[in-house]
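Here the structure comes first, spelled out in structure tokens, and everything after it is commentary.
FYI, it's all coordinate maths here, none of it is from the lab. As the structure is a prediction and not an experimental result, all values here were calculated from the model. For neighbour counting, all protein chains shown are included, and Cβ atoms are generated from backbone atoms with ideal geometry for every residue, glycine included.
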Amino acid sequence: MGKLAVALLCLTALPMAAQTKVLVAKSRVSSSVTSDGNFALPSACDEQGRLYVKLIKPGTAMEGALLRLSPKGVLEAEFDTSDELVNIFGVRPNGGVAMVRLDGATKVVDNFGPEGKRESAVRLERPPTPFFPYQIAVFRSGEMLIAGPQYQPGYKASTAIYDSTGHLVKQFVLDGDAEIESAVEVGDARYTRSPGGGNEAIPRSVAITGDDGFVYLTRATSPATVYVISAAGEVVRKILVSAPTDTGLPDFGIRVAKNKLAVEFSRSCDGALNFSSCHGTLYTVVDATTGQRLADYEADKETAGTIACYAPDPDRFFTFRVASDQHHLEIVEAVPK
């Protein structure tokens with residue numbers, strides 16, 4: 001524990017980036033996919049730069065298929081999400097996806113192949129502390145990290161590792177969750193609307209598999225908390241990432257590529273729970289191994305959108321937008337001005 005505390009001190013004591021750079025559009029790719037502009041969050045990206053997004057059908061709460069698009073905007077696969085829970089999915093190493101659904105009181109992970117076909121259904125072993133899955137990520141070795149709120153009390157978080165057959169490997173509580181839960185118990189406006197109410201840091205969390213093989217799980221705190229977790233359920237690193245501005249709040253987007261971690265923030269927010277008041281998108285890039293802050297970016301109005309992919313050296317951000325003329329899904333490559 002002492003070693004972790006020293007590491008955290010080093011990660012949070014590093015200097016801020018000198019200047020926030022503006023992101024502008026370098027290129028735009030219009031796909032054949034149409035949308036009325038409603039995207040389900042989070043979206044995802046794989047190591048080949050392919051983009052994953054769920055488009056919500058008009059007039060529905062969350063209906064719609066999960067799509068995989070090439071970097072050129074070509075529709076490559078369509079994954080049936082009709083039986084799944086909201087938008088809880090993880091990208092598998094082969095380009096398929098894993099999605100969570102309920103079968104009575106049992107949680108089931110449906111595995112889809114890279115062409116979009118269902119390959120298997122894995123029933124998850126009941127953990128000692130039951131919880132509702134909000135995030136899922138798949139390790140290269142086949143293990144799955146699944147996280148979310150406990151059933152009772154609902155503001156407490158839990159994280160678990162399952163093997164590919166659904167056997168529970170480990171259930172654990174992340175260092176830092178207890179502090180958030182104590183804040184919820186007293187009605188801290190950063191995380192809840194009422195004492196003992198829902199924990200807003202959990203549903204806005206994201207879990208992704210980095211190209212280094214670890215899973216990166218965020219907590220929507222200020223500063224954002226990013227846990228780097230191994231397939232054995234060990235927290236390898238804990239990185240705190242501050243927003244480029246005091247009014248920035250962590251959003252659904254994190255990406256990891258070539259040992260660089262990009263964290264998305266919403267800016268100009270009136271309150272921690274009032275995300276509808278946020279205007280604009282910010283990104284901070286840090287070294288994923290040391291936590292050193294490398295760059296801060298602000299997307300201009302022509303590039304801000306739902307984050308798809310991030311590529312370093314040089315930094316580039318790919319976002320989903322809807323073309324202003326024909327409702328076609330557009331992929332924008334944004335670079336520093």
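Computed from the C-beta positions of L102 and K337 and an R0 of 35 Å, the FRET efficiency is 0.15 to the nearest 0.05.
Rounded to the nearest 20 debye, the dipole size of the chain about its Cα centre is 300 debye, using +1 on the Cβ of Lys and Arg and -1 on the Cβ of Asp and Glu. Considering only G305, Y134, V86, the residue lying farthest towards the positive end of the dipole of the chain is G305, judged by Cα position with unit charges set on Cβ. Computed over region 119-268, the Cα gyration tensor eigenvalues convert (square root of 5λ each) into semi-axes of 25, 21, 11 Å, ordered from largest to smallest. The alpha carbon radius of gyration of region 138-219, expressed as a multiple of 2.2 N^0.38 Å, is 1.20.
Under the convention that each Lys and Arg Cβ holds +1 and each Asp and Glu Cβ holds -1, the size of the dipole of region 33-76 around its Cα centre is about 60 debye.
Site pair D188 and T34 shows an inter-label distance of 4.7 nm when each label is modelled 7 Å from Cα along Cα→Cβ. Summarising the label geometry, the points placed 7 Å from Cα in the beta-carbon direction at T60 and V236 lie 3.7 nm from one another. Taking 0.36 nm per residue of sequence separation and removing the Cα-Cα distance, the K170/E119 pair yields an extension gain of 15.8 nm. In percent, rounded to a whole number, the relative contact order of the chain is 18, using alpha-carbon pairs under 8 Å and six or more apart. When peptides 238-247, 54-63 are sorted by average Cβ neighbour count within 10 Å, with the highest value leading, the order is 238-247, 54-63. Here the Karplus curve 6.51 cos²θ - 1.76 cosθ + 1.60, taken at θ = phi - 60°, turns the phi angles of region 43-54 into couplings of 9, 8, 8, 10, 5, 8, x, 7, 10, 10, 8, 9 Hz, with x standing for Gly and Pro.
Computed with the Debye formula from one identical point scatterer per Cα of the chain, without solvent, the log10 of I(q)/I(0) at q = 0.13, 0.14, 0.15 Å⁻¹ comes to -0.99, -1.17, -1.37.
Spin-label pair K26-L75: with each label point 7 Å from Cα along the Cα-Cβ axis, the two points sit 2.8 nm from one another.
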